[in-house]
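The values are calculated or read from the model by the stated rules, or taken from the named source; none is laboratory data. Here the structure is a predicted model, which means the values were calculated and not measured. We place every Cβ from the backbone using ideal geometry, glycine too, and count neighbours over all the protein chains shown. Only protein heavy atoms, including side chains, enter the accessible area calculation; ligands, DNA and RNA are left aside. Shrake-Rupley method; radii C 1.70, N 1.55, O 1.52, S 1.80 Å.
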Amino acid sequence: RDLLRLHELEPELVVHDLHPDYFTTALAAEYSDRWQVPVSGVQHHHAHLAACVLENEIEGEVLGLCWDGTGFGTDRTVWGGEFLYGDASGFERVASLRSFGLPGGDACSREGWRVALSLLHEAFGADAPTLEGICGEQHRVVRQMLERGVNAPISTSMGRLFDGVAALLGISFENQHQAQSPQLLESAAWRHGTDAEAFELPLVDGRFDWAPMIRSLVESEEPSERLAARFHHTLIEAAIRTIAGQSRPAVLAGGVFCNRYLTEGILVRAEEAGMPVYIHSQLPPTDGSLSAGQLWVGAYRT
C-alpha cells in the first residue's frame, strides 16, 4: 500500500504463487476484488526460472534447473527437482526427479529421517534395511503411511532428497533450522574434496531415477564424507548431461543452489565444455526472488 501510494500507481494485475492454501493467494484475491483487476497464479518454479532470466537479461527460451524444497506443481503434487524449458511467457516440464512419498507431509521438512525411510522403501521394497538411530516403531508407522498412501504426499523435491541422503549417511537426522541437513551434507563433501566419482542416475521416462544411487550409498563401506561428495557429483553429472543435450542457455534457480559445492561444480564443468549457464548474483536463488519472477511472468499476461 505504501509503495502504491508513494509512486501513485494503479495496479493492473495481481499475481501470486499457485498454491491454493498460501495466505498470499487469499490476499491476492482480496486485493483483486478491492482494486477490480484480474488475479493470476504463477507456478512456483516458473517464477524461479523467470527471475533468473530477468536478472540476466536473457532473450528467448532457456533450460531452467529449478531445484528447491517445495513448490506446488501444476499436477497438484509437490515439485522441487525440476528441469523446465521456457521463458516468462510459459514453460514446459521436460524432466524431474523420480517422485517419492513424504510420510508425515510437512514434518519431512524438519525430520529428514522420514525421507530416508521413504527412499529406502522405494529403492529396496519389502527388503528395505532399517535406518540406524531410528526406533522400530518409527519404522513401522512410516512404512504403513507409505504402503497405504496415507498422509504421504508425492514429491520430486531435490531439497528433501538432500535431507534424506544426509540421514542415510548418519550426518543429520533433523533440521533445527532451515536446510541444516543439506548444509551439513555439503560440509561433509567439502571435507572430502572435489574429486569424486558419480553414482548411476539414469533418466527413465523423463525422471532421474535415484534408486540405484540410494542402493549404492547404503551398501557402500566408503566414509560418509566421500559418499557425500559422490552424491553431489551425481547431481552435477545429471545437470551437465541435460544441459549438453540442448542448444539453449541454462539457468540455475531455487534454494538448492545456495550449495556452493554443487553450483560451482556445475559452472566449472559447463565452462570447460563451452556451455552457457547463468545464476543469480543480485537476487537470491531462494524464494526471495519469487516476487520478481512472478511480476515478470505477470507482465507477459497483461
How much accessible surface does TYR300 have with a 1.4 Å probe, in Å² rounded to 10?
130
Given the peptides 248-257, 200-209, 69-78, arrange them by the average over their residues of other C-beta atoms within 10 Å, most packed first.
248-257, 69-78, 200-209
Computed E for ARG260/PHE23 - FRET, C-beta separation, R0 30 angstrom, nearest 0.05
0.40
I need the peptides 111-119, 133-141, 165-173, 54-62 ranked by packing, meaning the mean over residues of other C-beta atoms within 10 angstrom, with the highest value on top.
111-119, 165-173, 54-62, 133-141
Entry for Rg/Rh (Cα atoms, Kirkwood Rh) (calculated from the structure that is shown) out of [x] 1.12; [y] 0.93; [z] 0.99:
[z]
Which distance in nm do the two modelled labels at CYS135 and HIS177 give, with both placed 7 Å along the Cα-to-Cβ direction?
3.0
Separation between the PHE124 and ASP2 pseudo-spin-labels, each 7 Å from Cα along Cα→Cβ, expressed in nm?
5.5
Segment SER187-GLU57, extension gain: residue separation times 0.36 nm, minus the distance between their alpha carbons:
43.5 nm
Starting from the 7 Å offset along Cα-to-Cβ, what nm value, one decimal, do you get for the label separation of THR74 and ARG248?
1.2
Can you tally the net charge around ARG98? Count Lys and Arg as +1, Asp and Glu as -1, for every other residue whose Cβ sits under 10 Å from the Cβ of ARG98.
-2
